[in-house]
Each structure stands twice: as C-alpha cells, then as structure tokens.
Amino acid sequence: MSDKKEKVIEQELPKHTLDELSNKNTEYVFQLKKFLTNDFKYSEEDADQYVNQILDEMVEAQRRGTPANRLFGSPRKLAAAHVKGEAEKPATSYWLLWLDNSVIFGMLLFGMSCLMMFFPSKNKATGASNGVLTIIIMSVEFGLTWAYFTRWSIQPKDQRVSIPKLIGVLAIGFVGLFLVTGLAGFIPAQFNPVFSAMTYLIITIALFGAHYYLKHKYNIKGTLF
C-alpha cells in the first residue's frame, strides 16, 4: 500500500516549483487554493495536489508570456471545473476566440473614438478613421490577429508554427490595419458614417455586455480580459 502511495506521489511531482511563478501567477494559485478549500471543502493537501498537476503547464505558459488567468480562465472557474470533473482547460473554438476578441477590440476602438469626438479634427482621413465601417473592419482584423497569437502561445512547443511564420502572420495583420486606416478617407461617407459621441458610448457599453455574455456563456479563454 505504501509503495503504491509513493508511486502516485512520484507521478504527481511537478518538474517546476512555485518559486518560479510570477507575482501574478502566485496570486492566481493562492486564489485557486482558496476557492478549492473554502468553497469546495478541499483539504489543503488535495488543493496542493491539484496545483501540482497544473504547475508545469502554468510555468511553461508563463515563459511564453501567457498568464494563468488567460491560460485557464479565472481561479473560481478553474476550481469549479476541476470539482465537476470537466476538462481543466477546454479548448476554445478559434472562431469563437476570434469573435470575442473582435468584440473586445470593437469596444476599445469605439470607446477611443468616443473620446476623440471631444477633440474634433479637420483632417478628413482622421475623421473617417472614426467611421463605423472602418472601426468594424479594424476590430475584425485585430481580433483575428490576436486570436492567432493566443492559440499559438498556449499550444505545446511541438505543435506550434515556427517563430518566423508567426512573425510573418502578425506582420501581415498589422500591415492590413495600417492600410485600412490609411484608406479610410477614400471610403464614401454614406458607407462609413461617423455618429455622435453618445452613440459611440452606447455601442461601447453594448459591446462590453456582448463580451461579458460570450465569455461567461462559452467559458472563453485567451481573450485580453
């Protein structure tokens, strides 16, 4: 019996240690254990055992610049998923990740345009860059580029595309963004209307609500927040 127990402990021993975690990830582990012990009545030993199971993946992702909350979602959700026996890190559909990231960038861009309304510009191109069509196109492209990078960052090393290919894809994405911004002034106004600051504020709030719904409805991981 004791041999079997030692074997289990040996299998669960992680390659990395908690000391390797960043301050942000250390806080994540603290909150995760807190939810497991307080909300789900885990013993300290069982909570530590689960942390050991995900520690290596957390450290490897941290080295790639991916924090635990982006890798696993919130500590509360990860704890609940573990207790319910669900997948610890359910794979988010690429298209769903793209959609949610596009909504986030749309929220940010409409919000920025709302603020810029208070500092009007006489430059036609600058005004057109605040047009609805321009913002939608930029949001979709931002979302696509960020979704691609996110999926790359959380994949195991042997499944990731090469760094040069990643840089190439990201470069194409950013060139596209610059082109959209530069050509915005040539889009006919009837197809690219600029609405009032209040309208943009309402759109920003609506997009935040859409992001909140998508993220919690589909348990999306890998978005900006």
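The values are calculated or read from the model by the stated rules, or taken from the named source; none is laboratory data. Quantities reported herein were computed from a predicted structural model and do not represent experimental measurements. Note that we place each Cβ from the backbone using ideal geometry, even for glycine, and neighbour counts take in every protein chain shown.
At-a-glance table
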{"item": "Among (1) farther than 16 Å from Gly131 by Cα; (2) over 24 Å from the mean Cα position of the chain (by Cα) - the single one Ile163 does not satisfy", "result": "(2)"}
{"item": "Top-ranked residue of the range 172-188 - restricted to ones that are surrounded by 13 or more Cβ atoms within 10 Å (Cβ to Cβ) and over 17 Å from Glu141 (Cα atoms), ranked as modelled with the highest pLDDT", "result": "Ile187"}
{"item": "The range 179-225: number of residues that are within 25 Å of Asp100 (Cβ to Cβ) and part of a helix (DSSP H, G or I)", "result": "23"}
{"item": "Criterion violated by Trp152 - all others in (1) surrounded by 14 or more Cβ atoms within 10 Å (Cβ to Cβ); (2) over 30 Å from Glu57 (Cα atoms); (3) of a type in the set (A, V, I, L, M, F, W, C) satisfied", "result": "(2)"}
{"item": "Any hit, the range 118-133, residues being at pLDDT 90 or above, surrounded by fewer than 18 Cβ atoms within 10 Å (Cβ to Cβ), β-branched (Val, Ile, Thr) and more than 12 Å from the chain's Cα centre (by Cα)", "result": "yes"}
{"item": "Residues of the range 41-73 satisfying the condition of being without any contact (Cβ under 8 Å) to a residue 60 or more places away in the chain, more than 11 Å from Pro14 (Cβ to Cβ), part of a helix (DSSP H, G or I) and not charged (D, E, K, R)", "result": "Ala47, Tyr50, Gln62, Ala68, Asn69"}
{"item": "Residue in the range 204-225 that is farther than 29 Å from Arg76 by Cα and surrounded by 15 or more Cβ atoms within 10 Å (Cβ to Cβ) present", "result": "no"}
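One line per residue, one yes/no per condition, for (1) surrounded by fewer than 16 Cβ atoms within 10 Å (Cβ to Cβ); (2) in the same structural domain as His211 (by TED's automatic domain parsing); (3) of a type in the set (Phe, Trp, Tyr); (4) modelled with pLDDT of 90 or more:
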position	(1), (2), (3), (4)
Leu13	yes, no, no, no
Phe30	yes, no, yes, yes
Lys41	yes, no, no, no
Met58	no, no, no, yes
Pro67	yes, no, no, yes
Ser74	no, no, no, no
Leu78	no, no, no, no
